[in-house]
Amino acid sequence: MSQRDLRTVAELAGAELEGAHPTEVLRWAGETFGDRFAITSSMGDAVLTSLAAEAVPGIRVIFLDTGYHFPQTLQTRDRVATELDVEVISVRPHLTVAEQNVKYGQSLYGRDPDLCCSMRKVEPLNRVLRGYDAWGSGIRRDESPSRANTPVVGWDSRRGMVKVNPLAGWTQSDVDAYAAERGVIVNPLVEMGFPSIGCAPCTQRVAQGEDARAGRWVGSDKTECGLHV
Ligand code: SF4
């Protein structure tokens, strides 16, 4: 499909699938794009991945292996790869953490998190997505004000591809209920007060009542790593 056709498909589906169950959205994406559709997961939980494994068995799940993850996150990734009907693809940055430290100095995340995210998350994701027409993520409208207008299916103009957000309309309660009911794999850090889990140096516990993403890049005005804008 040309980019123009893909964009038309995204706009029509965004309207038609608004309010649909995530399984229906994922099934539509699998049927429409075949193996040119993959999802991403930060391995905070396997809710989206479990839904996708049922709707599109064998689907590829892209994990951005930044080199800065908590051990629990890597263990969650390994469980997902072993226990679910998916193919997990771990994508690494061009530079190891040690090489980045030599080139840019220690703790770049503390001095220039946008540059660090750009090299360790955005470039690897852009690189791997070149082989696809559509990608899916687990972002939700209730996570933060910056995600409040997330469409269920939209157009990723920066990458020229369709973006599928099956959980956009779900709340944290919906996710928790689904995870409990289905016994979904959840990163142990969630129970420890980390509802949104990224790289260890940039993720803190959140207080009760705060946005799920309030623990990310605490002390800076950064709210997104650059993957979803
Ligand atoms: S979240 Fe922090 S450590 Fe991870 S890539 Fe971004 S700035 Fe670097």
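The values are calculated or read from the model by the stated rules, or taken from the named source; none is laboratory data. This is a predicted model, so every value here is computed, not measured. Please note: Cβ atoms are built from the backbone with ideal geometry, for glycine as well, and neighbour counts cover all protein chains shown.
Filter the stretch 119-140 down to residues that are under 17 Å from I197 (Cα atoms) and among the basic types (K, R) and give me whichever is farthest from the ligand (Cβ to nearest atom).
Restricting to residues being under 17 Å from I197 (Cα atoms) and among the basic types (K, R), the top hit is R140.
For residues in the stretch 86-123 being in contact (Cβ under 8 Å) with a residue 60 or more places away in the chain and either under 30 Å from D35 (Cβ atoms) or of a type in the set (F, W, Y) (or both), which is surrounded by the fewest Cβ atoms within 10 Å (Cβ to Cβ)? Full working, then the answer.
We begin by selecting, within the stretch 86-123, every residue in contact (Cβ under 8 Å) with a residue 60 or more places away in the chain; these are 107, 109-110, 113-114, 117-118, 120-122.
Subset that is either under 30 Å from D35 (Cβ atoms) or of a type in the set (F, W, Y) (or both): 109, 117-118, 120-122.
Working: Y109: 21, C117: 24, S118: 15, R120: 24, K121: 21, V122: 18.
Here the residue is S118.
Which one is farthest from the ligand (Cβ to nearest atom) among residues in the stretch 69-118 that are assigned to a strand (DSSP E or B) and under 18 Å from G44 (Cβ atoms)?
The selected residue is V86.
Here are some conditions: (1) more than 22 Å from the chain's Cα centre (by Cα); (2) of a type outside the set (D, E, K, R); (3) closer than 21 Å to L74 by Cβ. G105 meets all but one. Which one does it not meet?
Among (1) more than 22 Å from the chain's Cα centre (by Cα); (2) of a type outside the set (D, E, K, R); (3) closer than 21 Å to L74 by Cβ, the lone unmet condition for G105 is (3).
Pick from the stretch 181-199 the residues that are modelled with pLDDT under 95 and out of contact with any strand residue (DSSP E or B) (no Cβ under 9 Å at 6 or more places or on another chain): which of them is farthest from the ligand (Cβ to nearest atom)?
The selected residue is E191.
Restricting attention to the stretch 24-47, and to residues there that are under 27 Å from C225 (Cα atoms) and in a helix (DSSP H, G or I), which single residue is nearest to the chain's Cα centre (by Cα)? Give the steps one after another, and end with the answer.
First pass over the stretch 24-47, keeping only residues under 27 Å from C225 (Cα atoms): 25-26, 29-30, 33, 35-47.
Those left that are additionally in a helix (DSSP H, G or I): 25-26, 29-30, 33, 35-36, 47.
Details: V25: 16, L26: 15, A29: 16, G30: 17, F33: 19, D35: 18, R36: 17, V47: 11 Å.
Filtering the stretch 24-47 for residues that are under 27 Å from C225 (Cα atoms) and in a helix (DSSP H, G or I), the one nearest to the chain's Cα centre (by Cα) comes out as V47.
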